[in-house]
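Colleague: Attaching a single structure in structure tokens format; questions to follow.
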Amino acid sequence: METQEKELQELLTETIPEIEEGSIVKGKVVSIRPDSIVVDIGYKSEGFIPVMEFTEEELSQLKEGTEIEVFLSRIDSEGQVSLSIDKAKRLKLLNLLQEAQQHNTPVEAIVKEHIKGGYRVEINGVKAFMPGSQTDIKPLKNPDEIVGDRILVKVLKFNNKLTNIIVSRREVIEEERARLKERTLQQLKEGALLKGVVKNITDYGVFIDLGGIDGLLHISDISWGRVRHPSDVFSIGQEVEVIVLNFDKDTEKVTLGYKQKRPDPWLSIEDRYSPGKIVSGKVVSLTDYGAFIELEEGVEGLIHVSEMDWSRRPKHPSNYMEIGDYIDAKILNIDTQNKRISLGLKQLKPKPWEVVAQRYRVGQKVTGRVRSITDFGAFVELPEGVDALLHVSDLSWTRHIRHPSEVLRKGQKIEAVVLHLDPEKEKMALGLKQLQPDPWIEEIPSRFHLGDEVKCKIIRFSEYGIFVEIEDFVEGLIYTSEINTGNKRPEEVYKEGDEVIARIIKIDLENRKIGLSMLNLKTIEHVES
């Protein structure tokens, strides 16, 4: 009998481990009830944990057989076990915070919310506070950008009830930067290639974090070519490789270069380019005076506005191309000393006068627009971009045109006849009256005769007499000696627009003139207008 009791006692000792109240023990989920979780900790009875002590995420992960750590609150006289998951978390966290503070090690936290004065964070499900000044080395531009992030923090302060936990992310960042800086300083020397991360972009350059120490990459050292703004090349957070141009150990000032990783393309420019060569490039800039074309990285050429079109009045460069276009051009000149390449666009097109020489002949009808008007005629622009002269004497067969503006206006589209063409001297003469047959050859001789009395309209007065339009067809002159106005001048008796009757006393076909007289008329001398 004594032997059986002894064996039973040994069996119980092996089955029921030694557990203490106030300690954390491992347990296994036996069942999940609506109000509690039943957990077996290996004791003679099971324990119950209220559901409210679990987060929704923790509950979603629980199932029968899941092992969890719980806090053994007490065992009553009847062997009933009281368990708590919440107290287990808090005890574990208390131990974690004590160890982290003692050994100056960081702990992981989740940023839950941006609040007044800083952030609310959670460490193992327990709330803590991170002051705004302890968030980063510099104030964050967007305070909400770290909400939801998992971060490492240093424990600054806490109490045993875990109701006042203060943490710092800044100390972790500062320690990390100090370690990186020490390593970076060992690598810093002129000519060294280093990798870094773009930290900030300004109008004059880029600040790059080399690891605990920042370096400045000036805009002039980004590319051998033009850079309008550093942000066109780099973006914040981008990893780049740079070369150290200068390092001052006393001030720890670092000057960086990016273009220096490649040789200056202008040093061998003559090996790749020469005057007369046709090249292709990208339009990178447009100005009033021309367009800049990128031929390769660091090499640009200028097409001056005068080299874009054979026209004497080229339009704005934007009428020929847009930024981003790829075009062909001809090299006109290379100035290696000043790093300039002159390009031409019009040189890829035939000269307008060469086209005109092939397209037009004397006597041919052409269409153009009046570009400008002068005292002696008008310049007519043809579709090929050349100007032809339309002389005032070639505007009318029958009228005396004092100024071309009496017949033409600027911008007017007209048809004319080619009278003279000299492409080598870039000259062309046009005629407007030549569109019609010359009336002085047949029509006027057959229509008007000496002695005819004709109806005339006064056009203007001169010292020679009165210029009139005969029957709305041809001009004539009533000689001063052939006007009887008494002691008065003709303009005192008549006015422009008046209609009068006159007799033809002279027809000069060779000089295209008709003389008239108002004396000895058979009909009424003056017809009211």
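The values are calculated or read from the model by the stated rules, or taken from the named source; none is laboratory data. Remember, predicted model here, so these are calculated numbers, not experimental data. Reconstructed Cβ throughout: ideal geometry from the backbone, glycine too, with neighbour counts over all protein chains shown.
Colleague: Mind checking whether some residue in the stretch 178-187 is closer than 30 Å to residue 244 by Cα, in a loop (DSSP other than H, G, I, E, B) and within 38 Å of the chain's Cα centre (by Cα)?
Modeller: Checked the stretch 178-187: no residue is closer than 30 Å to residue 244 by Cα, in a loop (DSSP other than H, G, I, E, B) and within 38 Å of the chain's Cα centre (by Cα).
Colleague: Please enumerate the residues belonging to the stretch 136-156 that are farther than 26 Å from residue 101 by Cβ and not in a loop (DSSP other than H, G, I, E, B).
Modeller: Within the stretch 136-156, 143, 144, 145 qualify.
Colleague: Kindly indicate whether residue 451 is exposed (fewer than 13 other Cβ atoms within 10 Å of the Cβ), at pLDDT 90 or above and either outside any strand (DSSP E or B) or within 60 Å of the chain's Cα centre (by Cα) (or both).
Modeller: yes
Colleague: Hey, any hits in the stretch 279-302 for a residue that's β-branched (Val, Ile, Thr), in contact with a helix residue (DSSP H, G or I) (Cβ under 8 Å, 6 or more places away or on another chain) and closer than 16 Å to residue 346 by Cβ?
Modeller: No; the residues of the stretch 279-302 include none that is β-branched (Val, Ile, Thr), in contact with a helix residue (DSSP H, G or I) (Cβ under 8 Å, 6 or more places away or on another chain) and closer than 16 Å to residue 346 by Cβ.
Colleague: So, one more: Which pairs have Cβ atoms under 9 Å, sit 6 or more apart or on different chains, and link a residue in the stretch 186-206 that is more than 14 Å from residue 255 (Cβ to Cβ) to one that is among the polar types (S, T, N, Q) and modelled with pLDDT of 85 or more?
Modeller: Pairs that qualify, where the first residue is more than 14 Å from residue 255 (Cβ to Cβ) and the partner is among the polar types (S, T, N, Q) and modelled with pLDDT of 85 or more, are 197/238; 198/235; 198/238; 201/231; 201/235.
Colleague: All but one of (1) farther than 22 Å from residue 406 by Cβ; (2) in contact with a His (Cβ under 7 Å, 6 or more places away or on another chain) hold for residue 475, so report the exception by its number.
Modeller: All conditions pass for residue 475, except number (1).
Colleague: If you don't mind, another one. Yes or no: residue 145 surrounded by fewer than 17 Cβ atoms within 10 Å (Cβ to Cβ) and free of Cβ contacts under 8 Å to residues at least 24 places away in the same chain?
Modeller: Judged against the criteria, residue 145 is a match.
Colleague: Let me ask something else about it. Name the residue that is modelled with the lowest pLDDT, counting only residues in the stretch 61-75 that are of a type in the set (Asp, Glu) and assigned to a strand (DSSP E or B).
Modeller: Per the criteria, the residue is 69.
Colleague: Give the stretch 518-529 a look and list any residue that's of a type in the set (A, V, I, L, M) and either in a loop (DSSP other than H, G, I, E, B) or modelled with pLDDT of 90 or more (or both), or say none.
Modeller: Passing the criteria: 518, 519, 521, 524.
Colleague: Still on this structure: Consider residue 225 carefully, then state whether it is part of a loop (DSSP other than H, G, I, E, B), touching a strand residue (DSSP E or B) at 6+ places or on another chain (Cβ under 8 Å) and closer than 16 Å to residue 252 by Cα.
Modeller: No, not satisfied.
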